[in-house]
Amino acid sequence: MVGNIATVVGFSALIFTLLLEKVGNSLTFRLFGVCYKSPN
């Protein structure tokens, strides 16, 4: 179960990174920061 969560987080991080390169929205960047720090 933990492995599945890590996979989803990693895949979501990749998608958010691609969105940041195209959109560059500060709100998306803040949301990504929250999602990235949450598991830790």
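In segment 17-30, of all residues being surrounded by 13 or more Cβ atoms within 10 Å (Cβ to Cβ) and either of a type outside the set (S, T, Y) or touching a Ser or Thr at 6+ places or on another chain (Cβ under 9 Å) (or both), the one that is modelled with the highest pLDDT corresponds to L19.
Cβ-Cβ distances below 8 Å connect no pair with a first residue in segment 1-16 that is touching a residue at least 40 places away in the same chain (Cβ under 8 Å) and surrounded by 10 or more Cβ atoms within 10 Å (Cβ to Cβ), a second residue that is outside any helix (DSSP H, G or I) and among the charged types (D, E, K, R), and a separation of six or more residues or different chains.
The values are calculated or read from the model by the stated rules, or taken from the named source; none is laboratory data. These figures come from a predicted structure and were not determined experimentally. Because the Cβ atoms are built from the backbone with ideal geometry, glycine has one as well, and the counts that use them run over all protein chains shown.
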